[in-house]
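The values are calculated or read from the model by the stated rules, or taken from the named source; none is laboratory data. Just so it is clear, the model here is predicted, and its values are computed rather than measured. Cβ placement follows ideal geometry from the backbone for every residue including glycine, while neighbour counts extend to all protein chains displayed.
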Amino acid sequence: MLRFELKKIWSKRMNQGAVLLLLVIVIAGSFLAARDVKYYKEDGSSVSGIFAAGRLRREKNKWKGYVTEDVLKKVVEENKRAHDEADTADGAFIKYQGLSDLREWINSGMAGRENYDYYLCDSISTDTAATLYEKRVSLLKEEFAGQGYSKEEKEVLLRRYGEFEAPLYYGYADGWKAVLDSQYLPTLMIISIVIIGFLVSGVFSCEFQLGADSVFFSANYGRNRGVLAKVEACFAVVTVIYWAAMLLFTGLVLGMLGAQGAGLMIQTDSLNWMCMYNITFAEKWLLTMFGGYVAHLCILFFAVLVSAKSRSAVAAVTIPFALSCAPMFLGRVPFLTKAMNLFPDMLLRISTFLRDNLIYTIGGKGHGVYEILIPVYLLLALLMMPVMYAGYRRSELG
Amino acid sequence: MELRINNLTKEFGGFTAVDHLNLTMENGVYGLLGVNGAGKTTFMKMLCTLLTPTEGEIRCNGREIREMDGEYRKILGYLPQDFGFYPEFSVQDYLLYIAALKGLRPVVAKRRARELIEKTGLRKAAKKKMRALSGGMKRRAGIAQAMLNNPKILVLDEPTAGLDPNERIRFRNLISELAEERLVLLSTHIVSDVEYIANQILLMKGGRIVLEGEASELIDSMEEGVWSVFARKNEVSAFMKKYKVSNLKTEHDGVELRIIAGKRPARDAVLVDANLEDVFLYYFGEKAGEENAAV
């Protein structure tokens, strides 16, 4: 029966078009993400994506290894030499682009979130640069004084920062950074949830819309296995399409830029320098993808549940769009921010929000927001399956 | 096979669609006649477990059908009035899907689908998408799906509605052929269909069975006679106002009327044999006249 449920979905031209659209978006998104990685040649021209990857890898891997105090000092010296040798700032960049990541560590790591200075590394002393890892904790403590952190939040942050192991191991990881730290992944997840919502919109409502409900429910398995096949079809479509889209996106970007650096800590990307989660790029990828999957399951099952109740496909199409976009805008209203950060759409944006160190206190203990959201929404998604089944099988046909 | 309906009632808000209905049916073809809103479809939906009765019960060989659950639906075939289908499925795929829903093993499902495609004359259309079928073909696919599980109870709600005369005859014959060794309940307001194929006729009105029996018993139950009257055209409206007129036939020199009346309606009126259409009009009055326009 599952085969026929899937056939019902796939046989619609509109659904075939929707899947094709998602495929095009994934491919386009992966090329755009890769294109953001650039390498500047001596003559000032640049290449990007797959053409930049090899050169950048070669340049950056010259710095591969543990970034100790000595290495940090060397970064400052090399940066200075590049500026001395070049006539212009652009010319200097061409020379130091192999150490540009480490230069950014110093720029963002020494200044803190609010006082970022792109030219800091050009003026800093080698001894000051060597204190980068100590500065990370002191900047956090400065933040505690300025912003309204609760006791529990401070405890969590200090504990996590304490668990941070310095020195960091550095290497080329531009492929992973392009996958995880670009704006394309959260956008792709929103598009994917809307398109999958479109695909599953008719699973529970098509019998009512087509007038096939009487035959369905009067059949032997119409109130048990037939309904179960619908739940399975929703689960299968969400799972297969979501993971296919995400694996294709990841595979294409890594295919173009290289998969090296999976085991590096995410803090090696300066954007994540202050992130409290001590995880590798591969672990962040798993967390981001699994969180996105939970959001897809939860939002789409809810949409399907409403569509089964209302016997209309409209809900299943509109709810994913509303739930994945509306909280993002409402969250900009200051007094709603804290509440909106608990909506499931946050799971679609783990790659960007992970570095914001959002902490919520439950039972006197602080927890990272994703430590709460992932299990709660996973549980909700799992609970919605029997609710869908039980509600639909009792349908009355007046 | 015995279906016993005890005190069956279905209310929607304040409206009683089926009103304390009592009936016993055994193998054979039952024709359910009634005007629109008589409660036929609601009754059939309860028979098919699609609606829960407000009161009363339906027992199949002594067991309550809702308690039997899948066991009851396993022996049930249903062709609803508004037969919906999956437009993108071919006839064959549609039948295989419904067969799976009915719990047929894939090998049996394929064999049954093939047999029924043959029997319903859909062989050439087997690979066609359902949306490309004509109205008659869709109804044939409908009867095929109802027969997939070789049901002991077959419920057909308005199976010939919208079919052209040829298709209707073909369909009627098909139902007669399929009716052996099972209980068939056929709802319609096309009286001639019932007259041809039903052994027992049930007249439903206001949610109740007001009369049941064979066609001849129903005809005999009429307390008025059926008269054939030849009238001038300007007399027709007077007859229409005064009597129940079951048929009008315009000739070049006047109109031949078929009138139901307790006594001779005109001096030259001739007493003729009553038929089921007359019974329908007799019991359902003016409303039946409107419905029976389709006959």
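Per-residue answers, yes or no, for (1) under 29 Å from A:Asp181 (Cβ atoms); (2) modelled with pLDDT of 90 or more:
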{"site": "A:Leu2", "(1), (2)": "no, yes"}
{"site": "A:Glu5", "(1), (2)": "no, yes"}
{"site": "A:Val19", "(1), (2)": "yes, yes"}
{"site": "A:Ser30", "(1), (2)": "yes, yes"}
{"site": "A:Lys41", "(1), (2)": "yes, no"}
### Query
Among the residues of segment B:139-155, is there at least one that is out of contact with any Asp or Glu (no Cβ under 9 Å at 6 or more places or on another chain), within 14 Å of chain A (Cβ to nearest Cβ) and of a type in the set (D, E, K, R)?
no
### Message
Here is a check on your reading of the model: is A:Tyr96 at pLDDT 85 or above, hydroxyl-bearing (Ser, Thr, Tyr), out of contact with any Phe, Trp or Tyr (no Cβ under 6 Å at 6 or more places or on another chain) and buried (at least 17 other Cβ atoms within 10 Å of the Cβ)?
### Response
no
### Task
Would you check which residues across segment B:13-54 are exposed (fewer than 14 other Cβ atoms within 10 Å of the Cβ) and closer than 24 Å to A:Arg393 by Cα and list them?
B:Gly13, B:Thr52
### Message
I need every pair where a residue in segment B:46-59 that is within 13 Å of chain A (Cβ to nearest Cβ) has its Cβ under 6 Å from the Cβ of a residue that is surrounded by fewer than 16 Cβ atoms within 10 Å (Cβ to Cβ) and part of a loop (DSSP other than H, G, I, E, B), sequence separation at least 6 or different chains.
### Response
B:Leu51/A:Glu396
## Note on the structure
Of the residues in segment A:383-398 that are within 14 Å of another protein chain (Cβ to nearest Cβ) and of a type in the set (Gly, Ala, Ser), the one that is surrounded by the most Cβ atoms within 10 Å (Cβ to Cβ) is A:Ser395
### Query
For A:Leu380, all conditions in the list (1) crowded, with 18+ Cβ neighbours inside 10 Å; (2) more than 14 Å from chain B (Cβ to nearest Cβ) hold save one; what is the number of the exception?
(1)
### Message
Going residue by residue through segment B:129-152, is there one that turns out to be within 30 Å of B:Pro106 (Cβ to Cβ), of a type in the set (S, T, N, Q) and surrounded by fewer than 18 Cβ atoms within 10 Å (Cβ to Cβ)?
### Response
yes
### Query
Considering A:Gly263, A:Gly226, which residue is in contact with a strand residue (DSSP E or B) (Cβ under 6 Å, 6 or more places away or on another chain) and not hydroxyl-bearing (Ser, Thr, Tyr)?
A:Gly263
#### Entry: Selected residue (only one of A:Ile266, A:Ile279 is more than 30 Å from B:Leu156 (Cα to Cα) and surrounded by fewer than 22 Cβ atoms within 10 Å (Cβ to Cβ))
A:Ile279
#### Entry: Top-ranked residue of segment B:1-29 - restricted to ones that are among the small types (Gly, Ala, Ser) and in contact (Cβ under 8 Å) with a residue 60 or more places away in the chain, ranked as farthest from the other protein chains (Cβ to nearest Cβ)
B:Gly28
#### Entry: Subset of segment A:200-213 that is within 29 Å of the chain's Cα centre (by Cα) and within 14 Å of chain B (Cβ to nearest Cβ) - its residue that is surrounded by the most Cβ atoms within 10 Å (Cβ to Cβ)
A:Val203
### Query
How many residues does segment A:353-377 contain that are surrounded by 17 or more Cβ atoms within 10 Å (Cβ to Cβ) and polar (S, T, N, Q)?
1
### Message
Given the criterion out of contact with any Phe, Trp or Tyr (no Cβ under 9 Å at 6 or more places or on another chain), in a helix (DSSP H, G or I) and outside the structural domain of A:Phe302 (by TED's automatic domain parsing), identify the matching residue among A:Glu143, A:Glu232, A:Glu155, A:Glu165.
### Response
A:Glu155
### Message
Among the listed residues A:Leu158, A:Leu139, A:Leu180, identify the single one that is more than 13 Å from every other protein chain (Cβ to nearest Cβ) and within 24 Å of the chain's Cα centre (by Cα).
### Response
A:Leu180
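Residue-wise test of (1) crowded, with 18+ Cβ neighbours inside 10 Å; (2) away from every other protein chain (no Cβ under 14 Å).
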{"position": "A:Arg3", "(1), (2)": "no, no"}
{"position": "A:Met14", "(1), (2)": "no, no"}
{"position": "A:Leu22", "(1), (2)": "yes, yes"}
{"position": "A:Leu32", "(1), (2)": "no, yes"}
{"position": "A:Arg35", "(1), (2)": "no, yes"}
{"position": "A:Leu56", "(1), (2)": "yes, yes"}
{"position": "A:Val67", "(1), (2)": "yes, yes"}
{"position": "A:Lys80", "(1), (2)": "no, yes"}
#### Entry: Answer residue from segment A:214-227, given it is of a type outside the set (A, V, I, L, M, F, W, C) and more than 7 Å from chain B (Cβ to nearest Cβ) and is nearest to B:Ile75 (Cα to Cα) among those
A:Arg223
### Task
Report, ordered by the first and then the second residue, all pairs with beta carbons closer than 7 Å, sequence separation of six or more or different chains, a first member in segment A:200-215 that is in a loop (DSSP other than H, G, I, E, B), and a second member that is modelled with pLDDT under 90 and of a type in the set (Ser, Thr, Tyr).
A:Ser201/A:Ser307; A:Phe204/A:Ser307; A:Phe204/A:Tyr392; A:Ser205/A:Ser307; A:Ser205/A:Ser312
### Message
Regarding segment A:239-247, can at least one residue be identified that is closer than 30 Å to A:Leu168 by Cα and either aliphatic (A, V, I, L, M) or away from chain B (no Cβ under 14 Å) (or both)?
### Response
yes
### Summary
Looking across segment B:81-100 at residues that are facing another protein chain (nearest Cβ under 8 Å) and under 25 Å from the mean Cα position of the chain (by Cα), the single one that is surrounded by the fewest Cβ atoms within 10 Å (Cβ to Cβ) is B:Asp82
### Task
With the condition kept exactly as written, say whether any residue in segment B:197-211 is surrounded by fewer than 22 Cβ atoms within 10 Å (Cβ to Cβ), farther than 21 Å from B:Leu33 by Cβ and of a type outside the set (A, V, I, L, M, F, W, C).
no
### Query
Yes or no: B:Gly34 more than 8 Å from chain A (Cβ to nearest Cβ), under 24 Å from the mean Cα position of the chain (by Cα), small (Gly, Ala, Ser) and within 18 Å of B:Gln145 (Cβ to Cβ)?
no
### Task
Being surrounded by fewer than 20 Cβ atoms within 10 Å (Cβ to Cβ) and either aromatic (Phe, Trp, Tyr) or touching a strand residue (DSSP E or B) at 6+ places or on another chain (Cβ under 7 Å) (or both) is the filter; apply it to segment A:229-260 and report the residue that is nearest to A:Gly65 (Cα to Cα).
A:Trp243
### Query
Looking at segment A:310-356, which of its residues are under 24 Å from A:Tyr184 (Cα atoms), at pLDDT below 85 and either not in a helix (DSSP H, G or I) or not assigned by TED's automatic domain parsing to the domain that holds A:Gly197 (or both)?
A:Gly331, A:Arg332, A:Asn341
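Okay, residues lined up against (1) more than 12 Å from every other protein chain (Cβ to nearest Cβ); (2) under 30 Å from B:Asn6 (Cβ atoms); (3) in contact (Cβ under 8 Å) with a residue 24 or more places away in the chain; (4) in contact with a helix residue (DSSP H, G or I) (Cβ under 7 Å, 6 or more places away or on another chain):
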{"site": "B:Ile75", "(1), (2), (3), (4)": "no, yes, yes, no"}
{"site": "B:Leu79", "(1), (2), (3), (4)": "no, yes, yes, yes"}
{"site": "B:Gly103", "(1), (2), (3), (4)": "no, yes, yes, no"}
{"site": "B:Arg114", "(1), (2), (3), (4)": "yes, no, no, no"}
